[in-house]
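To keep things clear, I will list the structure first and then write my remarks on it.
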Protein chains: 2
Amino acid sequence: MIITISREFGSGGREIGKRLADELGLAYYDGEIITLIAKETGMSEEYIQNISEKGVYPYTYQFAKSFLNSSPVQNSQIQVLVKQNEIIKKIASKGNCVIVGRAANAILKGEDTIDLFIYADMKSKVARCKQKADENENLSDKELEKKIVEVSKNREKFHNVVSNEQWGKKENYDLCINTSGVDIKSIITPLRMYIENWFRRN
Amino acid sequence: MIITISREFGSGGREIGKRLADELGLAYYDGEIITLIAKETGMSEEYIQNISEKGVYPYTYQFAKSFLNSSPVQNSQIQVLVKQNEIIKKIASKGNCVIVGRAANAILKGEDTIDLFIYADMKSKVARCKQKADENENLSDKELEKKIVEVSKNREKFHNVVSNEQWGKKENYDLCINTSGVDIKSIITPLRMYIENWFRRN
């Protein structure tokens, strides 16, 4: 049972992933993958995080793809992508896990996964971000909106480097869940059932 | 409890609607709406069906909109749209129903509905159409593909006459379900639970 979760920033995708992992007794991977990449490449976690989340990755899809297939890998940003591919495939080969983000649905294309996309309207995302904010983070609604657009944009860019598929396009997912005004806790049990059925059919 | 179901042709959306209505004890509306429009306008069901499903509707969105707000309604195609709006709103005002197609999600915008979109990849849609085909319908896979594209295209056009929103865009629905390779029967119970939760929150 392998669940991949792609999500807009502020949509509650991470919480859905964590709760599903808990309910189903699955391993949970999110930031953990960055720690693993850091360990295996010797790079700092901040640097790796930046590559995927902060949009510093400057290559177009085609350019990166040609690098991904060449070796030895010289460029450190490409090296992160290659290592991420390796690690996600290794995690999946053990099965029974939830992987949040990191374009796992694209990397595991063709494997027996269920791929969820979590999204919400801007109002709900702003509200959710505020609720989760650190004490010392004090952004206005406008600033939060800007951040939400930016982070999602970078996730999209990152995804498009790893994959030919468009991030957030419903056809690339098995189930797309709009969490606008939804209490995440209340949807976990039906989602769990949906997922259990999914893997039962095989 | 009002469920609207929009669906690609061949995705099994109608079956999902019917089964949910049965399980939840809700009234079910699909072709029934056409019968009601026919009864109230005196037009034939075939003619009304054609307007929405066969793409004979020649007006652009803006043009139709201006007509929708004028009265008395002269044009018979516009009259069908106006009557459909009325009937769908009347059905919804009684509550506890499933409405399949007819842009009900757009017509009931702002009401407390749950809006589902059902889709699938072409291979699954062709397989499902074959399974459901009449004995005397004997289309090749290629012909079926063409029909599937055509019907969905016309549903999209029809939706865009009634609404400003884009048909099939995930942001306009609460849950988007990919039925590729999915046994419809097996997902009804989790969907029912998801929907029950949805209406319990209010």
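The values are calculated or read from the model by the stated rules, or taken from the named source; none is laboratory data. Keep in mind that what you see is a predicted model, and the values were worked out from it rather than measured. Glycine gets a Cβ as well: all are built from the backbone with ideal geometry, and neighbour counts include every protein chain shown.
Filter the stretch A:71-100 for residues that are hydroxyl-bearing (S, T, Y) and at pLDDT 55 or above and give the result. Once the filter is applied, which keeps residues that are hydroxyl-bearing (S, T, Y) and at pLDDT 55 or above, the stretch A:71-100 yields A:S76, A:S93. Within the stretch B:1-25, residues that are under 16 Å from B:C176 (Cβ atoms) and in contact (Cβ under 8 Å) with a residue 40 or more places away in the chain reach partners that are among the acidic types (D, E) and in a strand (DSSP E or B) with beta carbons closer than 7 Å, at six or more positions or on different chains, in the pairs B:T4/B:D115. Mind checking which residues of the stretch A:158-202 are surrounded by 15 or more Cβ atoms within 10 Å (Cβ to Cβ), facing another protein chain (nearest Cβ under 7 Å) and not in a helix (DSSP H, G or I)? Correct list: A:Y173, A:D174, A:L175, A:C176, A:I177, A:N178. Under the condition of being part of a strand (DSSP E or B) and within 14 Å of chain B (Cβ to nearest Cβ), the residues counted in the stretch A:83-121 number 7. Report yes if some residue within the stretch A:125-147 is within 14 Å of another protein chain (Cβ to nearest Cβ) and not charged (D, E, K, R); otherwise report no. No: the stretch A:125-147 contains no residue that is within 14 Å of another protein chain (Cβ to nearest Cβ) and not charged (D, E, K, R).
Scanning the stretch B:19-33 for residues that are of a type in the set (G, A, S) and modelled with pLDDT of 95 or more gives B:A21, B:G25, B:A27.
Residues in the stretch B:86-112 that are within 14 Å of the chain's Cα centre (by Cα) and not aliphatic (A, V, I, L, M): 4 in all. If you check B:T113 against the conditions, is it hydroxyl-bearing (S, T, Y), closer than 23 Å to A:I188 by Cα and surrounded by fewer than 20 Cβ atoms within 10 Å (Cβ to Cβ)? Answer is no for this residue.
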